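Some notes on the structure that comes next.
Nothing in this text is a laboratory measurement; each read-out follows from the coordinates by a stated rule. Treat the numbers as computed from the prediction; the structure is a model and nothing was measured. Quick reminder, even Gly has a Cβ in these numbers, built from the backbone with ideal geometry, and neighbours come from all protein chains shown.
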Amino acid sequence: MKYNYFFFLLFLFSCTSVSVTKYEKPVLNSQGFAYIYSFEDYENKFIKKKINSDELIIAHSKAKRGALLKITNPKNGKNIILKNSFKLDYPDFYKILITKAISNQIGLNENFPYVEVEELKKNKSFIAKKAETHEEEKQLDVKAPVEKVKINNISKTITKTSNEQPKFVIILGNFYSQESAKLLIKRVKTESLSLRNKKISVEKKNKHNFEVFLGPYKTIKTIKNDYIALKQINFDEVDIKIYE
């Protein structure tokens, strides 16, 4: 009897282990503007931590310290892979805080520091090892001249054709039907006085995919103002992408 009881406990424990290990933490992937740190930000108490701008340092408000993050400049395809130096608060309009050294390495336009931020899975050990051991390279990857920007699980390729100033749009969501997309527009214009007279468009991606967006924008200031207005009516997760 004791023998059977032992196997019952072993079976129960095995089932419990399987049910726990099948879950996996979602991987961060977002697009938007990077906050390029300056010493004046620390002096003016916009940022609480003093950082050396000449070093390759990143800080993310949600990713845990030590998480492996890939920061990509979609305009030229350059990216850098670094460990998150620390969690740090910065204006939530921005997707990540980086130093000027990183901005220079991946060739960001500091007036429009648009980036894609991706958290890499820890089981990619070859990437982690490379990021730790090659200090002189710091994972500057310039192989791909074209990079994909992923918005709500829909990828779009950005092709560089000129040096013209880019335009951007704020993605409000993707919907199964045009009617649902129009309902969202009505909600935004009803709930926000500042967005009531703004241009909100619907683009048909395919038969059952209608994308709603604000813009296009030519300056980061106008993007930020509308982003704040969206936050005020409880839009917590909106993405910004290059408009073509």
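At a glance:
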| item | result |
| --- | --- |
| Sorted by Cβ density within 10 Å, fewest first, the residues 37, 176 | 176, 37 |
| Members of 87/218; 95/167; 45/95; 78/241; 78/167 lying beyond 25 Å, as alpha-carbon distances in this model show | 87/218 |
| Amide N proximity, region 211-235 versus residue 194 label position 7 Å along Cα-to-Cβ, cut-off under 17 Å | 214-215, 217-235 |
| Long-range amide H partners of residue 167 with built H, under 5 Å | 243 |
| Hz values of 3J(HN,Hα) by residue in region 205-210 - Karplus curve (6.51, -1.76, 1.60), Gly and Pro given as x | 7, 7, 3, 10, 8, 10 |
